[in-house]
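*Asks:* Here it is, the structure, as structure tokens.
The values are calculated or read from the model by the stated rules, or taken from the named source; none is laboratory data. Computed from a prediction, not measured in an experiment: that's the story for all the values here. All Cβ positions, glycine included, derive from the backbone under ideal geometry; neighbour counts span all protein chains shown.
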Amino acid sequence: MTETALKRLRDLPSARLLGSGTPMCAGCGGLEAIRQAYDLLGGKTVFVNAAGCMTLLSIYPFTPFRGSWLYTAMSAAPAAAQGVRDALDILITRKRLPPEEDLSVVALTGDGAAYGMGLSATSSAIERGLDFLYIVYDNEGYGNTGQQYSEATPHAARTATSLAGFGGEKKDLFAIWVAHKPAYAATVVGAEPLDLARKIEKAMQIKGPRLILALAPCPTGWDYDHKETVEIGKLAVKTGVWPLKEYGDGRVVHSKIPHPRLPVEDYLRRQGRFRHLFEPQRDAATLAAIQARVDAYWEGVAQ
Ligand SMILES: Cc1ncc(C[n+]2csc(CCOP(=O)(O)OP(=O)(O)O)c2C)c(N)n1
Ligand code: SF4
Ligand SMILES: [Mg+2]
């Protein structure tokens, strides 16, 4: 990269150079999770990456991935993953690629693609039994374009397109995957690295459609100090807002049950996107409704 190009990247507001000279926000929880996953997945992979923050990791002709990387439209990652998988299989059948040099196909998208624009393509890919791992970094909004509301945005969170801060409920993508009976599905967060690593390793042993759904605390979109990413990720788990669980062999098992479960306020009040629930006066009704929904979820879980 030329000095001029590097200078232009360094001068981007709120951007920090990481690794390959990539402009990403400091404290990005999505990057935290993906980096940990990549340490295990390694270079024998083809990453099929739909438009979003993580497409900024690769700036032509540079990429931090040791394997291959392919950029797709927001809705198309699972369809592109099918094409890549088919191409690899054809090469192996024609003996142009030794089976031991086969690559794992990994779709990588944000929540805007996974919960919304790409959901139809995802459903079809699972239905066809496509052998791929789908990693979603869920920063609960269209982060790359300024944190607009997505179908993963939690109720009452302020976004660029829901100023009053009251949208619908966050869509349950894990449940949608489970309804398709995939080979494997799991939720993770970068702040719980052992749980994340165990689930990635498990997913790597299985063939078929597999989901790793990572909550991705986002200092820029969620409006908090970037130093707090790990703390906020841990609070998402300790308050029960982000249940850590996995699906396989026809049943869902929780990998971590928070005991005692902290009040959801401990998580919400750390983030500017929920500030209107506390200032200028406390919105007790909305806070109670959010707590009640989390309580209801855990009441249905064998403790
Ligand atoms: C069909 C389409 N509409 C809009 C865009 C512009 N766009 C690029 S990235 C992005 C946000 C994607 O959100 P998400 O999938 O959650 O990833 P994040 O940006 O949060 O990493 C949008 C809207 C696009 N690339 N394609
Ligand atoms: S906007 Fe959020 S998800 Fe995107 S790079 Fe910045 S911290 Fe990461
Ligand atoms: Mg997003």
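*Asks:* If you take the residues of region 130-153 that are without any contact (Cβ under 8 Å) to a residue 24 or more places away in the chain and more than 12 Å from ligand 2 (Cβ to nearest atom), which of them is nearest to HIS180 (Cα to Cα)?
*Replies:* THR153
*Asks:* If you scan region 226-272, which residues turn out to be outside any loop (DSSP other than H, G, I, E, B), under 22 Å from HIS155 (Cβ atoms) and free of Cβ contacts under 8 Å to residues at least 24 places away in the same chain?
*Replies:* Matches in region 226-272: LEU268 only.
*Asks:* In region 199-222, how many are in contact (Cβ under 8 Å) with a residue 12 or more places away in the chain and either assigned to a helix (DSSP H, G or I) or charged (D, E, K, R) (or both)? It would help to see each step written out before you state the result.
*Replies:* Our first condition is that a residue be in contact (Cβ under 8 Å) with a residue 12 or more places away in the chain; within region 199-222, this holds for 199-204, 206-222.
If we keep only those that are either assigned to a helix (DSSP H, G or I) or charged (D, E, K, R) (or both) too, we end up with 199-204, 207, 210, 219-222.
Residues meeting the conditions: 12.
*Asks:* What are the residues in region 104-141 that are surrounded by 24 or more Cβ atoms within 10 Å (Cβ to Cβ), among the acidic types (Asp, Glu) and assigned to a loop (DSSP other than H, G, I, E, B), if any?
*Replies:* GLU140
*Asks:* Looking only at region 100-112, filter to residues that are out of contact with any Ser or Thr (no Cβ under 7 Å at 6 or more places or on another chain) and within 16 Å of ligand 2 (Cβ to nearest atom); which one of those is nearest to ILE206 (Cα to Cα)?
*Replies:* If we filter region 100-112 for residues that are out of contact with any Ser or Thr (no Cβ under 7 Å at 6 or more places or on another chain), which is where we start, we get 100-102, 105, 107-110.
Subsequent filtering for residues that are within 16 Å of ligand 2 (Cβ to nearest atom) retains 108-110.
On the way: LEU108: 18, THR109: 21, GLY110: 23 Å.
For region 100-112, the residue satisfying everything is LEU108.
*Asks:* May I pose another question? From the list ASP223, ASP172, exactly one residue is over 30 Å from ASP86 (Cβ atoms), at pLDDT 95 or above, within 16 Å of ligand 3 (Cβ to nearest atom) and of a type outside the set (Phe, Trp, Tyr). Which is it?
*Replies:* Values: ASP172 fails: within 16 Å of ligand 3 (Cβ to nearest atom).
From the options ASP223, ASP172, the qualifying one is ASP223.
*Asks:* For residues that are aromatic (Phe, Trp, Tyr) and either in a loop (DSSP other than H, G, I, E, B) or out of contact with any strand residue (DSSP E or B) (no Cβ under 7 Å at 6 or more places or on another chain) (or both), tally how many sit in region 34-83.
*Replies:* To start, the set of residues in region 34-83 that are aromatic (Phe, Trp, Tyr) comprises 38, 47, 60, 62, 65, 69, 71.
Cutting the leftovers down to either in a loop (DSSP other than H, G, I, E, B) or out of contact with any strand residue (DSSP E or B) (no Cβ under 7 Å at 6 or more places or on another chain) (or both) gives us 38, 60, 62, 65.
Counting residues in region 34-83 that are aromatic (Phe, Trp, Tyr) and either in a loop (DSSP other than H, G, I, E, B) or out of contact with any strand residue (DSSP E or B) (no Cβ under 7 Å at 6 or more places or on another chain) (or both) gives 4.
*Asks:* Give the number of residues within region 266-302 that are surrounded by 11 or more Cβ atoms within 10 Å (Cβ to Cβ), among the charged types (D, E, K, R) and closer than 19 Å to LEU244 by Cβ.
*Replies:* Number satisfying all stated conditions: 3.
*Asks:* OK, next. Which condition number in (1) over 18 Å from the mean Cα position of the chain (by Cα); (2) within 16 Å of ligand 2 (Cβ to nearest atom) is the one that THR63 fails?
*Replies:* With (1) over 18 Å from the mean Cα position of the chain (by Cα); (2) within 16 Å of ligand 2 (Cβ to nearest atom) applied to THR63, the lone miss is (2).
*Asks:* Would you check if there is a residue in region 43-52 being touching a residue at least 12 places away in the same chain (Cβ under 8 Å), closer than 21 Å to GLN147 by Cα and of a type outside the set (A, V, I, L, M)?
*Replies:* Within region 43-52, the first condition is being touching a residue at least 12 places away in the same chain (Cβ under 8 Å), and the residues that meet it are 43-52.
The next check asks that each one be closer than 21 Å to GLN147 by Cα; those that pass are 49-52.
Filter once more, keeping what is of a type outside the set (A, V, I, L, M): 49, 52.
Yes - at least one qualifying residue is present in region 43-52.
*Asks:* Between ALA236, ALA214, which is within 16 Å of ligand 1 (Cβ to nearest atom) and within 21 Å of PRO258 (Cβ to Cβ)?
*Replies:* ALA214
*Asks:* Condition check: assigned to a helix (DSSP H, G or I), touching a strand residue (DSSP E or B) at 6+ places or on another chain (Cβ under 6 Å) and more than 16 Å from ligand 1 (Cβ to nearest atom). Does ILE92 satisfy that?
*Replies:* Details: assigned to a helix (DSSP H, G or I): yes; touching a strand residue (DSSP E or B) at 6+ places or on another chain (Cβ under 6 Å): no; more than 16 Å from ligand 1 (Cβ to nearest atom): yes.
No; evaluated as a whole, the condition is false for this residue.
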